[in-house]
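Written below as structure tokens is the structure these notes are about.
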Amino acid sequence: MNLANKLTFLRIILIPVFLIVLLTEWIPDPQKRIFAVIIFALASLTDMLDGYIARSRNLITNLGKFLDPLADKLLVTSALVSLVELGDLPAWVVIIILSRELAITGFRTVAVSEGIVIAASWWGKIKTISQMFMIMVFLLNISLPIFDVFETVLMWMAVIFTIISGVDYIVKNKRVLSTQK
């Protein structure tokens, strides 16, 4: 197993650690949220690092192609659902984000079955960064009026970039849906 895939596995292993720290009661609240942010940030950094290493060292494998997006979706989904459970994030935000992820995953699956590869777009990268940053800020749960405004702005940015990136994938690759055998 190469270094890029090891980093992806590390991200997957960090997910239950993140959830245990965030959702159990044995760590008091400000500390557990800080630890959760650190774990989430570390896991998020492995996402950027594994992709860079795989491309720069020509270590792209089928295992990596499968596990990397799965690890990303598991990490983000775990954090988003946890934030709803904690009452920090509205469920409709999570529904929009998860709906986009499921739709684009299905869209990519159809594309692959047609022999079409859909490359990641800049909108997708911006979407991922905005979601991860929003999650980290919401995890901190700082109770200041200016911070509430900041959270709201980040939430709307993540939702808007999520929608734009989803529409962008479909519009740029609409031939996937119109291909007839």
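The values are calculated or read from the model by the stated rules, or taken from the named source; none is laboratory data. None of the values given here were measured: they were computed from a predicted structure. Counting neighbours? That spans all protein chains shown, and the Cβs are built from the backbone with ideal geometry, glycine included. To get the accessible areas, we keep the full protein, side chains included, count just its heavy atoms, and leave off ligands, DNA and RNA. Shrake-Rupley method; radii C 1.70, N 1.55, O 1.52, S 1.80 Å.
Just to be sure I understand the filter: pairs with C-beta atoms under 9 Å, separated by 6 or more residues or on different chains, first member in the range 1-22 and open to solvent by 10 Å² or more (accessible area, probe 1.4 Å), second member of a type in the set (Lys, Arg). Which pairs pass?
Asn2/Arg57; Leu3/Arg57; Val21/Lys32; Val21/Arg33
Would you pick out the residues in the range 132-181 that are open to solvent by less than 90 Å² (accessible area, probe 1.4 Å), farther than 23 Å from Leu22 by Cβ, assigned to a helix (DSSP H, G or I) and of a type outside the set (A, V, I, L, M, F, W, C)?
Selection gives Ser165, Gly166, Asp168, Tyr169, Ser178.
Taking only the range 114-131 into account, find how many residues are among the basic types (Lys, Arg) and crowded, with 18+ Cβ neighbours inside 10 Å.
Within the range 114-131, the first condition is being among the basic types (Lys, Arg), and the residues that meet it are 125, 127.
If we keep only those that are crowded, with 18+ Cβ neighbours inside 10 Å as well, we get 127.
Here the count works out to 1.
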